[in-house]
Amino acid sequence: MRELKDPRVDPMTSVTKVEVAPDLKTCKAYISVLGNAHALGSTIEGLESAEGYIRRELARSVNLRNTPTVRFIADDSIAYGVGMSKRIDEVIAQDESRHVADSGEPDPDGPEGGEEV
């Protein structure tokens with residue numbers, strides 16, 4: 001990926017997963033980009049246009065009878081995981097603030113007191 005000169009391919013691009021068909025003729029490469037949906041879309045376009053170059057480099061580095069055709073698929077699982085983690089943190093913070101408001105005292109098991117772990 002680092003060797004691609006296409007400006008559409010974001011420098012913060014990761015291949016998160018690759019699935020190869022049993023006959024080794026096709027593969028799916030799941031691509032994640034640190035950034036917004038536009039950066040992911042333009043990166044996929046850039047990779048699709050560079051598929052010939054990528055296959056050639058793959059053929060050089062991997063000794064197979066047939067070099068698989070690569071299909072690039074946008075993978076938003078990392079962004080989804082980060083979003084879910086933020087939501088969980090927000091719910092925990094809201095729950096702690098409600099507990100403090102209800103009792104008028106800080107939560108003894110919260111971050112400010114209680115037992116050490």
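The values are calculated or read from the model by the stated rules, or taken from the named source; none is laboratory data. Remember, predicted model here, so these are calculated numbers, not experimental data. Quick reminder, even Gly has a Cβ in these numbers, built from the backbone with ideal geometry, and neighbours come from all protein chains shown.
Tabulated data
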item: Tabulated pairs, the stretch 59-73, first among the charged types (D, E, K, R), second part of a strand (DSSP E or B), C-beta under 8 angstrom, 6+ apart or interchain; result: ARG71/THR26; ARG71/CYS27; ARG71/LYS28; ARG71/ALA29
item: Number of positions in the stretch 4-17 that are of a type in the set (A, V, I, L, M) and exposed (fewer than 14 other Cβ atoms within 10 Å of the Cβ); result: 2
item: Check on LEU4, modelled with pLDDT under 90 and within 21 Å of the chain's Cα centre (by Cα); result: yes
item: Members of the stretch 58-78 that are within 13 Å of LEU24 (Cα to Cα) and either surrounded by fewer than 11 Cβ atoms within 10 Å (Cβ to Cβ) or of a type in the set (Phe, Trp, Tyr) (or both); result: VAL62, ASN63, ARG65, ASN66
item: Search result, residues across the stretch 35-57 that are surrounded by 14 or more Cβ atoms within 10 Å (Cβ to Cβ) and within 13 Å of MET12 (Cα to Cα); result: GLY35, ALA39, LEU40, SER42, THR43, ILE44
item: Considering residues of the stretch 18-34 that are of a type outside the set (Val, Ile, Thr), surrounded by 13 or more Cβ atoms within 10 Å (Cβ to Cβ) and in contact with a strand residue (DSSP E or B) (Cβ under 9 Å, 6 or more places away or on another chain) only, the residue modelled with the lowest pLDDT; result: LEU34
item: Conditions (1) touching a residue at least 12 places away in the same chain (Cβ under 8 Å); (2) part of a helix (DSSP H, G or I); (3) within 24 Å of GLY81 (Cα to Cα): number failed by HIS38; result: (1)
